[in-house]
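**Q** Let me begin by handing over the structure; questions about it come next.
The values are calculated or read from the model by the stated rules, or taken from the named source; none is laboratory data. It should be emphasised that the depicted structure is a prediction, and the values quoted were computed from it without experimental measurement. Neighbour counts are summed over all protein chains in view; Cβ atoms, including those assigned to glycine, are modelled from backbone coordinates with ideal geometry.
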Amino acid sequence: MNNKTSKNNLKIVGSGHDSVVIWNPWKEGAKKMNDFDDDGFIEMICVEMANTKKLS
């Protein structure tokens, strides 16, 4: 992940999962979250490890 403003790079690694999910609630989602400022989405991303492939 590259931050064009600060020129910092962030490498995200994990194990035991098949995917990394990066999301942001955006305007509508932020307004629905009680513990989140309405404009908090501007400076926020959420990074989560996940299993997204179907188990066989």
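**Q** Confirm whether residue 8 is in contact with a strand residue (DSSP E or B) (Cβ under 7 Å, 6 or more places away or on another chain), without any contact (Cβ under 8 Å) to a residue 24 or more places away in the chain, polar (S, T, N, Q) and surrounded by fewer than 10 Cβ atoms within 10 Å (Cβ to Cβ).
**A** Judged against the criteria, residue 8 is not a match.
**Q** Kindly indicate whether any position in region 23-31 is part of a strand (DSSP E or B) and either at pLDDT 90 or above or aliphatic (A, V, I, L, M) (or both).
**A** yes
**Q** Given the criteria of a type outside the set (Phe, Trp, Tyr) and at pLDDT below 90, does residue 7 qualify?
**A** Yes, satisfied.
**Q** Find the residue count for region 11-47, including only residues that are farther than 14 Å from residue 1 by Cβ and in contact with a strand residue (DSSP E or B) (Cβ under 6 Å, 6 or more places away or on another chain).
**A** 2
A quick yes/no check of all residues on (1) of a type outside the set (D, E, K, R); (2) in contact (Cβ under 8 Å) with a residue 60 or more places away in the chain; (3) surrounded by 10 or more Cβ atoms within 10 Å (Cβ to Cβ):
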site	(1), (2), (3)
1	yes, no, yes
21	yes, no, yes
27	no, no, yes
43	no, no, no
46	yes, no, no
54	no, no, no
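**Q** What are the residues in region 32-56 that are assigned to a helix (DSSP H, G or I) and more than 15 Å from the chain's Cα centre (by Cα), if any?
**A** The one that is assigned to a helix (DSSP H, G or I) and more than 15 Å from the chain's Cα centre (by Cα): 32.
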